[in-house]
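Derivation of every value follows stated rules applied to the coordinates shown; laboratory data play no part. Because the structure is predicted, anything quoted here is derived from the model rather than measured. Here the Cβ is made from the backbone with ideal geometry for all residues, glycine too, and neighbour counts use every protein chain on show.
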Amino acid sequence: FISALWVLDWLPEISKTGAVSQNFHGGPSGIYPPIGFSKDGEIEIRPLYYGLLLFSELVANYSQWVSTSTLVTEGLPAKAVVHATVDVSGRVKVLLVAKDIAESAHTTAVTVVITKAKSNVDPTASVPSTAHVVRLTAPSPSAKRGIELAGQTFDNTVGGTPRGQRKLELVKASAAGSGKTMYRVNLPPLSAAMLVVG
């Protein structure tokens with residue numbers, strides 16, 4: 001599972017420097033390809049795939065990286081990272097990735113303050129009063145199964161469709177002054193949470 005969290009930091013970092021593609025480990029028997037085969041020859045969705053899937057949501061709809069002047073985070077735990085985008089409809093997506101593997105790591109309430117996002121559709125649009133969170137979790141950093149993205153898993157699937165209902169966690173906003181809106185997101189250790197506003 002740690003590979004899914006790693007890729008959620010790596011891809012944004014190289015994208016911000018201008019990279020437009022990335023090759024990953026291949027081969028059906030390696031431990032890091034996003035898609036591989038089980039010992040019985042069945043197709044398996046590997047942990048890295050979950051990270052790639054969440055990254056695709058982060059950058060969907062012609063998203064651009066958000067500048068630090070638009071976004072402020074408080075209470076971010078040690079070794080956590082933040083990457084944020086805004087798409088052409090003005091939807092802001094803030095990805096929080098907790099990477100600390102220390103046993104002392106604990107769930108932290110992270111405050112995300114967003115200045116009214118610039119929208120290519122409506123630059124005067126206000127920041128919504130509610131948002132939702134998409135979570136990526138697993139039982140442990142070495143887990144190969146039991147991984148969930150928004151409550152769904154690819155465990156015991158072979159057709160590329162995840163099992164379970166997609167679950168989005170609603171988050172209420174509060175005013176933070178000067179045209180800013182604040183959202184609070186709980187971030188468990190070794191997990192990712194993407195706040196979607198708009």
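3J(HN,Hα) couplings calculated from phi for segment 43-58 with the Karplus curve 6.51 cos²θ - 1.76 cosθ + 1.60 (θ = phi - 60°) are, in sequence order, 5, 10, 8, 8, x, 4, 4, 4, x, 5, 5, 5, 4, 4, 6, 4 Hz; Gly and Pro show x.
The length gained by stretching the chain between Thr161 and Asp100 to full extension, at 0.36 nm per residue less their Cα-Cα distance, is 18.9 nm.
Rounded to the nearest 0.05, what FRET efficiency do Thr107 and Thr17 have when you use their Cβ-Cβ distance and R0 = 35 Å?
In this case the efficiency is close to 0.65.
Database remark: amide H of Gln152 closer than 5 angstrom to the amide H of Lys167 (H placed geometrically; neighbours at sequence offset of 5 or more, or on other chains; Pro and chain starts carry no H).
The stretch between Trp10 and Ser178, if pulled fully straight at 0.36 nm per residue, gains 57.2 nm over its current Cα-Cα span.
Coupling constants for segment 98-107 follow from the phi torsions by the Karplus curve (6.51 cos²θ - 1.76 cosθ + 1.60, θ = phi - 60°), and in residue order they are 8, 10, 6, 8, 5, 5, 7, 4, 9, 5 Hz; glycine and proline get x.
Of the residues Ser56, Ser142, Ser178, the one that moves most in a GNM of the chain with alpha-carbon contacts below 10 Å is Ser178. Helix-only arithmetic for the chain: the sum of -39500 (n - 2.57) across DSSP H runs with n ≥ 4, divided by the residue total, places the mean residue ellipticity at 222 nm at -4500 deg cm²/dmol. Residues whose amide H falls under 5 Å from that of Ala143, counting only those 5 or more places apart or on a different chain, are Ile2, with hydrogens built in the peptide plane.
Other residues with beta-carbon under 11 Å from the beta-carbon of Leu5 carry, at +1 per Lys or Arg and -1 per Asp or Glu, a net charge of 0. Counting only trypsin sites (Lys or Arg not before Pro) that DSSP places in a loop and that have at most 11 other Cβ atoms within 10 Å, the longest clean stretch of the chain runs over 40-165.
Structure note, pairs Lys79/Lys172; Lys99/Lys180; Lys93/Lys172; Lys16/Lys167; Lys93/Lys180; Lys79/Lys167: Cα-Cα distances above 20 angstrom occur for Lys79/Lys172; Lys99/Lys180; Lys16/Lys167; Lys79/Lys167.
Taking Cα centre as origin and charging only the Cβ of basic (Lys, Arg, +1) and acidic (Asp, Glu, -1) residues, the dipole magnitude of the chain rounds to 360 debye. Of the candidates Asn61, Asn186, Asn23, which one comes out as most mobile in a Gaussian network treatment of the chain with C-alpha springs shorter than 10 Å? Its mean-square fluctuation being the largest, the pick is Asn23. Within the shell defined by Cβ-Cβ distances under 12 Å, the residues around Met182 carry a net charge of +2, with Lys and Arg each +1 and Asp and Glu each -1. Near Ala80, the amide H atoms lying under 5 Å from its own belong to Lys99; only residues 5 or more places off or on other chains count, and H is placed 1.01 Å from N.
Between Glu74 and Tyr32, what FRET efficiency follows from the Cβ-Cβ distance if R0 is 45 Å, with the result rounded to 0.05?
Values: r = 34 Å, r/R0 = 0.76.
That gives a FRET efficiency of 0.85.
So if we plug the beta-carbon distance of Ala60 and Ser142 into 1/(1 + (r/R0)^6) with R0 = 35 Å, what FRET efficiency do we get, rounded to 0.05? After rounding, the FRET efficiency stands at 0.75. Note on Leu168 and Glu42: the model spin-label points, each 7 Å out from Cα along the C-beta direction, lie 3.1 nm apart.
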